[in-house]
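Please treat every number below as a calculation from the coordinates, not as lab data. Quick caveat, the model's predicted, so the values are computed rather than measured. Cβ coordinates were reconstructed from backbone atoms using ideal geometry, including for glycine residues, and neighbour counts include every protein chain displayed.
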Amino acid sequence: MRTDCPSGRQTGFALIITLSLLALLVLAVLALSSLTRINSQVAAAAVQQTQARQNAQLALNFALGELQRHAGDDTRLTGMAGITGIAVNQNASTRYWCGIWRNDGSFVTWLTSGAVNSTSAGTDTVELISANTVGSAASTSANVDKEHVIAGRLPIVVASTANSPGAAVTVGNYAYLVTDEGTKVGAYAPAAKRVIPAIAPIIGPSMLPNQQKLKAAIDANAAVLPGVLSYEQLGLLAPVTPSVLQDCFHYVALTPLSVFGNQYASGVINLNTSSTQVWRCLLDTYNTVPGATTIVPGTVTSKGNLLGNNFAGATAGKPANGPFTSIVGFTTYLATIFPLTGMPNFNQIMSAIGPLLVVRSDTFRIRGYGDAVNAIDPTKIEATAYCEAIVQRTPELMPGFGRRFVIVSFRWLGPDDI
């Protein structure tokens, strides 16, 4: 009797099929393992980015709280740090800090995280106004201020984590910066809210070419300005380019508003600034007043520079390296540059544009920064986040805290926006 047995060729073919299936199974397991690992990494990165954003929002909320606490009261003054004697310089990274003073001229605080004094934010700092906002700091000159602005980076420490139970651990860092929008010229001043209906501070002919381009765009698009929501949206107006916005950032805001009693006022400017460009704009504004004794155009530049450059050290009407506490005090200072014997004199200038001047601001820009650090090594930053808000002081009273501040616009920023 004969029994048929599989041939060697059939046995070999079955072995090849079995090995191939095993190889495919191994590849499938490896692929699944890789996919699981990648998903875990993506999830961890998302968690870290979320943590960084939460820390940036923490910074913004902390800044808003400090602004409310120190600047809510009507008796508080605001201004830029340049009035304390910080000169224009590419390394002057604190000149545009916002400071708070009492109405007797005594200093209260800088609205910047980590601020030690007017020129220091400690040893761990981060730039919150940098090249993509204002351009290269190296381009700073007597005519164009391009300073980057820093804030101190502060740790966020929790008492315990899953990785370190019972031990204090740094889980991230935060930083914030408040800048004073009221010390800038408004691109758009609603006529119905103007202190002087026919006049508002303007970007004048004494400004530079890129600033003139912004003025041309504003003048040519007056009808659409009420619909513009932010300074950055002015970049949608022709012929405005990114470099135009960068060259104007430190001098121009969209619509800074002041609170006068129970209403808002537009077309005003906080004179506690050492920005020579803003002073030149104010003198150009004076020249637009009907019937005014004109300041010679070339003189606008020199006189505006004198006003800004001599502001800090001036003791006429204010203490040295301090703010003006009243418009009367400023008039005393103005008389040193436009004396009674001149044409025009300080009285003529103040009669024309004095109502536009205030000694505090009510519109501010806040930038917040947050990061998330490695759970094992806190020196390694795993994710960063930046945010920005425009904040407006309102007529509404908060018992014990002055008038309420509210966020009127908010946006997340990428590193390319800083």
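Shown is the FRET efficiency for THR332 and ASN61, computed with R0 = 35 Å from the Cβ-Cβ distance and rounded to the nearest 0.05: 0.30.
Based on Cα atoms of segment 49-97, Rg over Rh with Rh as the Kirkwood radius reads 1.13. Here r is the Cβ-Cβ distance between SER230 and VAL108 and R0 is 35 Å; the resulting FRET efficiency, rounded to 0.05, is 0.75. Starting from the coordinates of the alpha-carbon atoms of the chain, obtain the Kirkwood hydrodynamic radius over all distinct pairs and give the value in Å to one decimal. This gives a value of 24.0 Å.
Can you list which of the DSSP-assigned H helices in the chain have a Cα extent of 15 Å or more along the long axis and an average Kyte-Doolittle score of at least 0.5?
Sorted by number, the helices that extend far enough and score high enough are 8-71.
In summary, the lysines within cross-link reach of LYS193, defined as a Cα separation below 28 angstrom excluding same-chain residues under 8 places away, comprise LYS184, LYS213, LYS215. With a simple spin-label model that places each label point 7 Å from the Cα along the Cα-to-Cβ direction, the separation between VAL406 and LEU32 comes to 5.6 nm. The magnitude of the dipole of the chain, with charges of +1 and -1 set on the Cβ of Lys/Arg and Asp/Glu and taken from the Cα centre, is near 220 debye.
What value does segment 83-222 have for Rg/Rh, both radii from Cα atoms and Rh as Kirkwood defines it? So for segment 83-222, dividing Rg by the Kirkwood Rh gives 1.10. The alpha-carbon of LYS303 sits under 13 angstrom from the alpha-carbons of these aspartates and glutamates, leaving out residues fewer than 8 places away in its chain: ASP284. Among THR18, THR183, THR325, the largest mean-square fluctuation in a Gaussian network model of the chain, built with springs joining Cα atoms closer than 10 Å, belongs to THR18.
Equivalent ellipsoid of segment 267-418: semi-axes from √(5λ) of the C-alpha gyration tensor, largest first, are 40, 19, 16 Å.
The gain in end-to-end length when the VAL158 to ALA46 segment is fully stretched comes to 38.3 nm, 0.36 nm per residue minus the alpha carbon separation. Taken along its principal axes, the alpha carbon cloud of segment 58-155 reaches lengths of 38, 32, 22 Å, longest axis first.
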